[in-house]
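Q: Have a look at this one.
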Amino acid sequence: MIATPAQIEQGTSHDEKNYLNVSSGFASWAFTLDHKRIGIMYLVGIAVSLLLGGIFALLVRLHLWYPAGGMFDAKTYNEIFTLHGAIMVFLFIIPSVPASLGNFFLPIMLGAKDVAFPRMNLASFYLWVIGAIFFVSAMLISGLDTGWTFYTPYSVETSTAPVVCATMGVFILGFSSIFTGLNFVVTVNTMRPPGMTWFRMPLFLWSLYATGIIQLLATPVLGITVLLLGLEATLHIGIFDPKYNGDPVLFQHFFWFYSHPAVYIMILPAMGVVSELLPVYCRKHIFGYKFIALSSVAIALLGFLVWGHHMFVSSQSALTAVIFSGLTFSVAIPSGIKVFNWLATMYKGNLYLTTGMCYVLSFLFLFTIGGLTGLHLGSLATDVALHDTYFVVAHFHYVMMGGSLIAFIAALFHWWPKMFGKMYNETWGRISALLVFVGFNLTFFPQFLLGSLGMPRRYASYEGREGFPVSETMLQQFTALHRVSTTGAMILGVGLFIAAGTLIAALYYGRRAPRNPWGGATLEWTCQSPPIHHNFHETPTVGDPYIYANLEWDPDLEGYKPLPPASPTPAHEQEPVG
Amino acid sequence: MIGSQLFSDSMHLPTLPLAGFWFGDSATATAENVDKVFGIITWICIAFFVLVVGMMIVFIVKYRARPGHVEQPSPSHNNALEIIWSVIPILLVALIFFLGFNGFMDMRTPPADSYDIQVIASKWNFTFQYPNGASSPVLHVPPDRPVRLVQQSADVIHSLFIPAFRIKQDCVPGRYTYQWFTAHTPGEYDLFCAEYCGLDHSNMNSYVKVHESEAAFQEALAELSKPPVWGPDWGEKLWREKGCKTCHSNDGSAIVGGGPTWKDLWDKEETMADGSKVTVDHDYILESIRKPQAKIVGGYQGVNMTAYPESLVKPAEVDAIIAYIQYLSDAYDGPTKEEAEAAAAAAEEGGEATDGGGSEAAADDQPAADEASESSESTDEEPAAPEAGEEE
Ligand SMILES: [Cu+2]
Ligand SMILES: [Cu+2]
């Protein structure tokens with residue numbers, strides 16, 4: 001996509017003020033309208049959430065070392081797994097890639113100065129902060145113990161204050177998410193640069209666009225749901241609680257109508273990241289661009305039709321269950337197509353195993369397992385056995401964590417030099433990738449076995465109650481598998497800390513990053529590292545974002561630079577997608 | 001305690017070398033079918049996984065960047081290829097859908113001649129009620145006979161899950177739900193609550209006892225329909241089995257998230273949340289069981305005890321619980337354990353127990369528990385239903 005020489009401002013640009021040092025002081029950040037600074041603030045908030053959620057995860061794992069539960073009483077354990085789930089879902093995964101990296105790179109990839117509505121963007125961040133405060137304080141002060149799913153009537157009859165507080169938090173966070181989604185959709189629709197047709201857009205933008213559509217259409221339903229839940233808990237309006245002639249299963253329909261599409265809010269941006277990173281590190285044009293782009297949209301739309309697969313044993317009718325099972329399988333296809341396309345992209349490439357690439361490969365491995373085990377859960381007969389067991393826990397951790405979180409880390413390593421102008425230490429980065437990969441599989445693979453053996457979710461202990469001990473065989477299997485899982489979680493935790501340490505150390509000790517350390521052909525690699533306040537001096541024109549033949553490695557820069565425009569690309573070699 | 005006699009019947013089925021590894025015992029035909037479907041899906045998954053990861057590894061080895069190696073040109077799209085790798089998965093998932101659908105419809109269609117057992121889920125206990133009126137916290141079932149569970153919940157959503165049968169169905173307040181099975185292998189199998197239901201969710205487990213024969217099952221039912229003879233003993237059993245124990249200690253200790261201890265509770269003056277005073281007597285305990293939210297002791301406002309209607313705790317059982325609470329406060333003044341047992345033995349001997357006064361007769365007959373049984377006194381004179389002592 002290399003463009004006019006005018007944009008290629010080598011040399012002098014390193015001295016130019018970038019978005020980080022163009023102004024300073026608290027107010028310059030707190031009232032900034034710069035999408036990059038907002039993205040960085042989001043990144044900090046998201047990282048803190050991940051740390052909190054991760055600590056709770058480790059506590060859960062440590063507690064389950066002993067069949068009786070080693071650390072907490074049941075009440076505390078219930079609060080801890082609720083905190084873990086709720087923080088990870090609402091404060092971490094949903095905003096992770098879009099709000100931080102999406103905010104930072106979406107306008108730059110479009111060659112634009114900012115998103116369409118910069119003030120709304122800032123408002124979205126503040127809503128996130130307010131929502132997070134509501135959410136976390138509600139849970140820490142008075143102990144929310146409903147699980148992140150808030151199932152009625154339990155959530156209506158357990159102590160009201162934390163439920164109302166937390167659902168208020170979710171309501172506010174929802175608006176934050178809607179604002180981000182709206183901004184992205186409008187920006188992509190109206191601000192593409194000359195030459196960037198829909199099918200020349202980087203795939204990351206396609207995925208953010210599809211995500212934005214889901215955020216816009218699904219999140220209001222979440223708002224309605226939690227509002228009704230709050231009203232039921234306080235005023236007993238009689239919608240979800242059978243005591244007041246409500247229907248508890250109705251809540252599940254409401255809840256999953258949002259929360260299934262939310263799964264795609266979490267995974268689509270991750271898929272976008274992989275589609276972006278893989279071709280760069282393989283030095284190959286992405287394979288099947290149109291299929292990948294359109295499959296994002298297909299996933300976004302089909303994702304709205306499958307929520308009932310969370311409710312096969314909830315007492316919904318057999319016919320409903322059958323229809324939802326069928327629709328669920330339809331959404332498996334576009335995801336499968338993407339995996340094959342990514343593999344084909346690697347074919348005959350030149351694979352650079354940078355840290356970013358290591359995490360991408362890890363994603364492919366883990367996401368494949370996560371996706372395939374979805375087949376066991378989409379299939380009705382097997383889901384009846386596996387529903388609400390650790391099999392489900394393992395499945396969605398493979399997708400959410402092995403997918404979204406791993407892609408998020410890959411993206412951080414990939415774009416860190418651009419965001420902060422510093423290179424990280426590749427050795428430590430790779431060590432972290434290896435530890436995370438090994439730790440992840442040790443943590444979650446045993447959980448598939450636990451679930452098949454019958455270990456239910458959300459159990460504070462697994463030895464049974466007095467007079468009704470769990471059978472000896474089961475107890476032994478459960479204990480052994482839980483211990484492997486806990487050991488894995490510790491390794492995973494160490495890996496993640498090393499990843500974080502590597503990135504943070506780069507800020508202080510990293511060597512200065514060139515414009516284009518990896519040889520990417522999307523627009524962000526043509527602007528300075530870190531970018532100037534307005535990103536570009538003039539609006540660039542663009543071509544195909546996945547042609548790398550026009551870039552060459554320059555040992556002096558320790559980065560890639562464009563070949564002089566005179567050298568033509570052999571037409572047969574890398575055909576642009578049209 | 002729960003013996004797992006057979007490792008897995010399903011292991012003998014040709015399609016499932018995996019099931020023995022993945023799953024535990026299987027004790028129903030449904031379970032074997034689920035295992036079969038699971039095995040087929042898992043093999044499809046393994047095939048795809050090997051394909052994807054295998055290709056990935058080959059590509060990493062073959063195309064890794066190294067001196068002298070550069071990328072080679074290849075087309076960046078190929079419609080034929082993309083259509084092939086879309087259509088093959090479509091066919092496979094259609095097959096999986098069909099297998100899952102087929103198995104599910106069997107699981108949802110109980111045979112017409114099923115034996116119905118009522119299930120009442122409450123925090124944090126399952127109560128199983130049998131057609132003869134007996135009830136038990138353990139699910140007793142006959143072998144080789146379709147059993148349908150007719151499920152209700154007294155409070156929040158629970159889910160009855162029997163791993164060895166591969167079945168699960170939520171118990172939803174305000175409606176009935178059903179599931180069924182035919183257990184072919186006698187034994188004891190774990191049973192769990194699978195839907196998170198609050199504080200003691202993880203202790204809401206029990207087991208299924210599949211009896212050796214129909215006769216053994218009927219015998220167990222007959223045994224179950226006999227209430228225990230002595231009030232405080234019966235009360236303690238109920239305390240243990242109805243879930244009281246989770247929230248109310250019997251030794252004066254406080255339970256986090258629970259209610260007041262039963263130790264020395266009888267006759268105690270409690271201060272309610274609204275400041276009024278209530279003395280713990282028969283009526284107060286009855287009300288606290290039937291309508292727990294009516295009067296709440298100060299400091300326990302956040303606790304939401306489940307209401308136990310007569311379907312869950314029968315009037316005689318309330319009597320037994322009261323007897324137990326009295327006993328824990330040294331205020332129990334019913335017949336002694338020996339008296340009650342002697343009376344019960346006498347009643348048994350007579351063949352049937354009918355109502356009547358004269359419980360003193362039993363008491364008078366005392367020291368001779370064995371004597372009573374030998375002399376086979378007529379029941380008309382020796383009614384001594386166990387409740388007799390507790391009725392004030
Ligand atoms: Cu879903
Ligand atoms: Cu339960």
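The values are calculated or read from the model by the stated rules, or taken from the named source; none is laboratory data. Everything numeric here is computed off the predicted structure, so don't read it as measured data. Because the Cβ atoms are built from the backbone with ideal geometry, glycine has one as well, and the counts that use them run over all protein chains shown. The accessibility values were calculated without ligands, DNA or RNA, using every heavy atom of the protein model including side chains. Shrake-Rupley method; radii C 1.70, N 1.55, O 1.52, S 1.80 Å.
Q: Determine by what factor the alpha-carbon radius of gyration of segment A:410-497 differs from 2.2 N^0.38 Å, reporting the quotient.
A: Numbers: Rg = 18.7 Å, N = 88, 2.2 N^0.38 = 12.1 Å.
Against the compact-globule rule of thumb, the ratio is 1.55.
Q: Placing +1 at every Lys and Arg Cβ and -1 at every Asp and Glu Cβ, with all other atoms neutral, what dipole size does the protein assembly as shown have around its Cα centre, in debye to the nearest 20?
A: Working: 51 positive and 86 negative charges, 1707 e Å.
Roughly 8200 debye, rounded to the nearest 20.
Q: What's the total accessible area buried between chains B and A, using a 1.4 Å probe, rounded to the nearest 100 Å²? Let's see the in-between values first.
A: Working: alone 21390 and 22200 Å², together 35160 Å².
Buried surface at the B/A interface: approximately 8400 Å².
Q: What does segment B:115-224 give for Rg and for Dmax, in Å, if only its C-alpha atoms count?
A: Rg and Dmax of segment B:115-224, Cα atoms, are 13.0, 39 Å.
Q: May I ask which of B:237/B:337; A:75/B:237; A:36/A:113 have a Cα-Cα span longer than 20 Å here?
A: Working: B:237/B:337 15 Å; A:75/B:237 25 Å; A:36/A:113 10 Å.
Among B:237/B:337; A:75/B:237; A:36/A:113, the Cα-Cα distance tops 20 Å for A:75/B:237.
Q: Starting from the Cα-Cα distance between residue B:333 and residue B:50, subtract it from 0.36 nm times their residue separation and give me the gain in nm to one decimal. Intermediate results must be reported in sequence, preceding the final value.
A: Numbers: separation 283, 0.36 × 283 = 101.88 nm, distance 7.36 nm.
94.5 nm is the gain from fully extending residue B:333 to residue B:50.
Q: Here is a further query. With a point put 7 Å past each Cα toward its Cβ, work out how far residue B:222 is from residue A:198 in nm, to one decimal.
A: About 7.7 nm, to one decimal.
Q: Given the options A:280, A:559, A:536, identify the residue whose Cα lies farthest towards the positive end of the charge dipole of chain A (+1 on Cβ of Lys, Arg; -1 on Cβ of Asp, Glu).
A: Of the candidates, A:559 comes out farthest on the positive side.
Q: Between the DSSP loop rule and a limit of at most 15 other Cβ atoms within 10 Å, which chymotrypsin sites (Phe, Trp or Tyr not before Pro) in segment A:134-183 are left?
A: On the way: sites: A:134, A:135, A:148, A:150, A:151, A:154, A:171, A:175, A:179; in loops: A:148, A:150, A:151.
When the chymotrypsin sites (Phe, Trp or Tyr not before Pro) of segment A:134-183 are filtered for loop state and at most 15 Cβ neighbours within 10 Å, nothing remains.
Q: Calculate the dipole size of segment B:115-224 relative to its Cα centre from +1 charges on Lys and Arg beta carbons and -1 charges on Asp and Glu beta carbons; express the result in debye to the nearest 20.
A: On the way: 7 positive and 12 negative charges, 67 e Å.
Its charge dipole is roughly 320 debye.
Q: Here's something else I'd like to know. Charges only on Cβ, +1 for Lys and Arg, -1 for Asp and Glu: so what's the dipole of chain A about the Cα centre, in debye to the nearest 20? Intermediate results must be reported in sequence, preceding the final value.
A: Working: 26 positive and 28 negative charges, 108 e Å.
My answer is approximately 520 debye.
Q: With 19 Å as the cut-off, how large is the P(r) tail for segment A:362-414, expressed as percent of Cα-Cα pairs?
A: On the way: 432 of 1378 pairs.
Considering segment A:362-414, 31 percent of its Cα-Cα pairs are separated by more than 19 Å.
Q: Residues of segment A:212-256 losing 10 Å² or more of accessible area relative to the isolated chain, 1.4 Å probe, heavy atoms only?
A: A:242, A:247, A:248, A:249, A:252
Q: What are the residues of segment A:381-416 that lose 50 Å² or more of accessible area, with a 1.4 Å probe, going from their chain alone to all protein chains?
A: A:381, A:382, A:384, A:385, A:388
Q: Taking the Cα centroid of segment B:251-315 and of segment A:275-299, what is the distance between the two, rounded to the nearest whole Å?
A: Spelled out, the Cα-based centre of one part sits 64 Å from the other.
Q: How big is the Kirkwood radius of segment B:231-328, worked out from every pair of different alpha carbons and given in Å to one decimal? Don't skip to the end; give the middle numbers.
A: On the way: mean 1/r = 0.0745 Å⁻¹.
For segment B:231-328, inverting the mean 1/r across all distinct Cα pairs yields 13.4 Å.
Q: Helix hunt in chain A: which complete DSSP H runs extend at least 15 Å axially by C-alpha with mean Kyte-Doolittle at least -0.5? Please list the in-between numbers first.
A: Values: long enough: A:35-63 (41 Å, 1.47); A:74-86 (18 Å, -0.19); A:118-142 (36 Å, 1.45); A:160-190 (45 Å, 1.49); A:203-235 (47 Å, 1.71); A:248-282 (51 Å, 1.13); A:289-302 (20 Å, 1.86); A:318-346 (44 Å, 1.37); A:355-378 (34 Å, 1.45); A:406-420 (20 Å, 1.20); A:426-453 (41 Å, 1.06); A:472-509 (54 Å, 1.01).
Helix filter hits for chain A: A:35-63, A:74-86, A:118-142, A:160-190, A:203-235, A:248-282, A:289-302, A:318-346, A:355-378, A:406-420, A:426-453, A:472-509.
Q: Here's another thing I want to ask about it. Give me the percent of accessible area attributable to carbon and sulfur for the protein assembly as shown, probe 1.4 angstrom. Numbers along the way, then the final one.
A: Values: 22340 of 35160 Å².
Ligands and nucleic acids excluded, carbon and sulfur reach 64 percent.
Q: Once all Cα-Cα distances of segment A:430-471 are split into 10 Å bins that start at 0, what whole-number percent is in each one?
A: All Cα pairs, binned at 10 Å, distribute as 23, 36, 23, 13, 4, 0 percent.
Q: What accessible area per residue comes out for segment B:136-262, rounded to a whole number of Å², with a 1.4 Å probe? Please list the in-between numbers first.
A: On the way: 3740 Å² over 127 residues.
On a per-residue basis, segment B:136-262 sits at 29 Å².
Q: Roughly speaking, what is the stretch gain from residue B:276 to residue B:145, that is 0.36 nm per residue apart minus the C-alpha to C-alpha distance, in nm to one decimal?
A: Numbers: separation 131, 0.36 × 131 = 47.16 nm, distance 5.53 nm.
Stretched fully, the residue B:276-residue B:145 segment lengthens by 41.6 nm.
Q: Something else: Going by amide H atoms built from the backbone, whose H comes under 5 Å of the H on residue B:122, apart from near neighbours?
A: B:127, B:154
Q: So what are the three principal axis dimensions of chain A from its Cα atoms, in whole Å, longest to shortest?
A: On the principal axes, chain A reaches 82, 48, 47 Å in Cα extent.
Q: Two decimals is fine: what's Rg over Rh for the protein assembly as shown, C-alpha atoms, Kirkwood radius as Rh? Kindly include the intermediate steps, with their values, before the conclusion.
A: Values: Rg = 32.4 Å, Rh = 30.7 Å.
When Rh is taken as the Kirkwood radius, the ratio is 1.05.
Q: Find which of B:147, A:23, B:92 sits farthest along the positive direction of the dipole of the protein assembly as shown, computed with +1 on the beta-carbon of Lys and Arg, -1 on that of Asp and Glu, about the Cα centre.
A: It is A:23, whose Cα lies furthest towards the positive end.
Q: Now a separate question. Take the alpha carbon atoms of segment B:106-176, find their radius of gyration, then divide it by 2.2 N^0.38 Å using N residues; give the quotient. Walk me through the numbers on the way to the answer.
A: Details: Rg = 11.9 Å, N = 71, 2.2 N^0.38 = 11.1 Å.
Scaled against compact globular proteins, the figure is 1.07.
Q: Which residues does the label zone of residue A:30 cover in segment A:102-127, counting backbone N under 11 Å from a point 7 Å along Cα→Cβ?
A: none
Q: With a 1.4 Å probe and every protein chain left in place, tell me how much accessible area residue A:157 has, in Å² to the nearest 10.
A: Result for residue A:157: roughly 20 Å² accessible.
Q: Same structure, new question: So what is log10(I(q)/I(0)) for segment B:29-170 at q = 0.18, 0.22 1/Å, when the Debye sum runs over its Cα atoms only?
A: Those come out to -1.13, -1.37, one per q.
Q: Probe of 1.4 angstrom, ligands and nucleic acids ignored: what's the accessible area per residue over segment A:34-562, in square angstrom? Walk me through the numbers on the way to the answer.
A: Details: 14870 Å² over 529 residues.
With all protein chains present, segment A:34-562 gives 28 Å² per residue.
Q: Please work out the Cα center distance from segment A:178-194 to segment B:125-199, rounded to the nearest Å.
A: Using only Cα atoms, the two centres lie 52 Å from each other.
Q: Which value, in Å² rounded to 10, gives the accessible area of residue A:427 with a 1.4 Å probe and all protein chains present?
A: For residue A:427, the solvent-accessible surface is approximately 90 Å².
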